[in-house]
Amino acid sequence: MSEHSPAPPGESRSRDIPRVNAGAGLGFARWFSRAVIAAERLAPLILPLAIIVCLYAILSWFGFFRAVPDGVRIGTGVLLAVAAIAALWPLRHLALPVERDVDHRLERENRLLHRPITTQDDRLARDDDPFARALWKAHQDNIAKGLGRVDPVRARTTLPARDPWALRALVPLLLVTAFAYSFAPDGGRLTDVARSHAAEIVVPARVDVWITPPAYTSIAPIFLTSELNADKTAFTVPEGSGITVRIAGGTGGETVSFPGPDAPIAAEAGAQGEARAFAATVDADGALEIADGEETLGAWSIKMTEDHAPEIGFAPEEPFERAANGTMTLRYVATDDYRVSAARVLIELADPDAEGARPLYDAPELPLTLPRRNAEDGAAQTMRDLTEHPWAGARVRLTLQAEDDLGQTGQSAARTLVLPGRPFSNALARALIEQRRNLALDANRQDEIVDLLDVLMLYPEETINNASHFLGMTTARTRLADARNDDQLRAVVDYLWEVARQIEDGGLTDAERRLRQAQQALQDALENGASEEEIARLMDELRDAMNEFMREFAERAMNDPDLAQQMPEANGQELDRQTLDEMMDQIEEMARSGAREQAMDMLRQLENMMNNLQMARPNQQGDGESQAQQQMNELGEILREQQQLMDETFRQNRQGQQQPGEGQMGQQQQQPGEGQQGQQPGQGQMGQNGQGGQQGQPGQQGQGLQGLAPGQQALQDRLDQFLDGLRGMGINPGDDFGEAGRAMGEAGEALGGNEGEQALAEQGNALDALRRGAGDMMQQMQQQAQNGQAGSMEPGGNRNGEDRDPLGRPQRSSGPDFGESVDIPDEIDVRRAREILEAIRERLGNALSPQLEREYLERLLELR
């Protein structure tokens, strides 16, 4: 029953309840009220079933049936199904409302008096009386007129009374949450209860296969499954390449085999869906196959390129060279399929050991410098100073050994030579070094060497001029006689070296040792690709060591008149700090710009110069050599002045093209030949000083190209005088010098006719012919020197005295130095190399660069 107060007939009790008329409005009220009453009766009966269905959806969407074993899954499903069937049992008591129930409910809800709705449906008990029917009809109409509007009934439920804590609200909340979770990767589906959790949907396998060649081959990885290689089934890779297979998804039962089906590759067992990796190394030809049961996911044929052992051998020409101070230069050729990782010299004594010999020292270790990576012929050279090793001066067999990155080795044929040692000019020092070597090779000769030292000191007043030297020998003799084990004997060997070196050259040894260490440290840094900061630090150490060495060498020269006469000049040029500083600056600049191979070449040249300077001796050249030297100096001056004249011709010709018709008014052209002939040593023998000076004067009065013609004519006359001097020495000038004179004459005529281009061409021809003639003249002079001298040098001997000055540079008598000994990059090459290096470093500093690109750029930097 409604709790609202009665309302008068014809008025509504609430604004929110729809109003209906007695006609069509009453029919809608009846229909709506019937549905409400049916829902009220059905809700308590259907609620248990709804709760069971919601619980099933919640469990399914939360993935419960996927996570539990099959037994729990099936048991839970059956339990929920039985509960759902049991929840249907109360529905048997469901009674749907009839019309009279609806009408009575409407009358009670709307507080209608005299049952106006049910009256409309009532019928007379007797329908045979017309008056009664008319009266009943009038009564119904009168009731209907007073009915007005009828409000539908409101739904009433007993759920609040049954669930006073409102726990029913948890069910829809959990249902919405579970539905949202079902879209997560671990979410479930409503059908999970009918499917075994072990029968998951298999994700198609994604297979990635790539082969990574060894790093030393500098070959990029090969992606077999990339789109570029989709149509290829055969690949050729180097030996030692790594195969990597990555499988994502699939059934988890995929297998990988190499080099054949009977050689499976093991991998760590991974759960279904996780990526699995397989790895193998290519050490033979074979087939790489990936299969899932009977299904083949991929198959490729892998052909291996065998990595052969490296080859190494002595250079075919001049494999050995010895500097004046005993430093040995070893030239060789080492090649490999990809690169030589290490090389060394195996040294053993050539002469058989005495029976029962007990050597104190092992063979010296001599690692070799590796060839350049871009060297096609594999040629390389190593300069090492083994003069301090006790084996120096002994006959040895040298065998070159090279090793590649796989550990394979190759050896050369053995060569026998005398291991270069430091040359000692003092007889007493030489005797001590010889006994030092004998003791190092056989400690059993201890008593014999003691006796020999006694003999050397038998008459000290005649053989030993310095008391300190005698004291040192006495100390060495006593220590040798008292030595009781090999360590003490080795200490005596070291002490004999110090005594002999002190006798030979006094206190220069510390500076010399520091200079050698600085040179070796810088060479090692260049070979190993050290950083620019490390190179700069080592260059500073080399400069300090060089300054200290030159200072002590100058002090030594002050006490040695012969050495003092030779020290100031080398190759006709004064040896000073500026010259050495310029060479070291060039070395540092080339190292910083990336031209490290050229820097190493120049460092070796500097080292060779210093080695020869350390062993400098007074010049013993005769008159014939002096005359040849003068002629070479004269030819060098002619070449230099011809080059200057060619440069001036080029400048004048360019000015004439830029400013046609303009003269060089008021400008006197200083000719290259002016005033030079009277200053050259070679002119003294020809007696043409005055003539040369007069020939240079006309060039000063001319203008433009015509003003250069007299200077060109003066150079041609000077060349004729030079050729006369060669004929006087018994040297045939040859056709090249004649061609040079002809080209000079034609160049002079072209200058007189203002033909700049023609003059430049002829001047270039003259320079080329002069250089060719210089080479021919050098060969004739060397032939004359060989005919006048006898003797030979065994491998490892000194090859430096005949054609090198004290600094190791070519002598003037060996021909002019055209700068071909070291290929120095010009300024443009250096700048370009520096820009390339900066671009590479900038690209490497970009964190967004792909990894493959970064690895490629790093390999480029390693080639420096």
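Accessible area per residue for the range 432-526, computed on protein heavy atoms with a 1.4 Å probe, is 47 Å². Placing dummy labels 7 Å off each Cα toward the beta-carbon, the span from Ala554 to Phe28 is 12.4 nm.
Converting phi to 3J(HN,Hα) with the Karplus coefficients 6.51, -1.76 and 1.60 and the offset θ = phi - 60°, the range 726-741 yields 5, 5, x, 8, x, 10, 7, x, x, 6, 5, 5, x, 5, 5, x Hz in sequence order, with x at every glycine or proline.
Across the range 519-534, rounded Karplus estimates of 3J(HN,Hα) from the backbone phi angles (6.51 cos²θ - 1.76 cosθ + 1.60, θ = phi - 60°) give 5, 5, 5, 5, 5, 4, 5, 5, 5, 8, x, 5, 6, 5, 5, 5 Hz, Gly and Pro being marked x. Straightening the chain between Glu838 and Thr474 buys 124.8 nm, computed as 0.36 nm per residue apart minus the Cα-Cα spacing. Between Ala427 and Asp486, the FRET efficiency from the beta-carbon distance, with R0 = 22 Å, is close to 0.15. Annotation: per residue accessible area for the range 260-395 equals 53 Å², rounded to a whole number [probe 1.4 Å, protein chains only].
When a 1.4 Å probe is rolled over the protein heavy atoms, the share of accessible surface on the range 445-548 that falls to carbon and sulfur comes to 47 percent.
For the range 306-314, the Karplus equation 6.51 cos²θ - 1.76 cosθ + 1.60, evaluated at θ = phi - 60°, returns couplings of 5, 8, 7, 5, x, 10, 8, x, 5 Hz by residue, with Gly and Pro reported as x.
Straightening the chain between Leu173 and Ala279 buys 33.0 nm, computed as 0.36 nm per residue apart minus the Cα-Cα spacing.
The values are calculated or read from the model by the stated rules, or taken from the named source; none is laboratory data. Keep in mind the model is a prediction, meaning the values are calculated, not measured. Heads up, the Cβs are rebuilt from the backbone with ideal geometry, glycines too, and the neighbour counts pull from every protein chain shown. All accessible areas refer to the heavy atoms of the entire protein, side chains included, with ligands and DNA or RNA removed. Shrake-Rupley method; radii C 1.70, N 1.55, O 1.52, S 1.80 Å.
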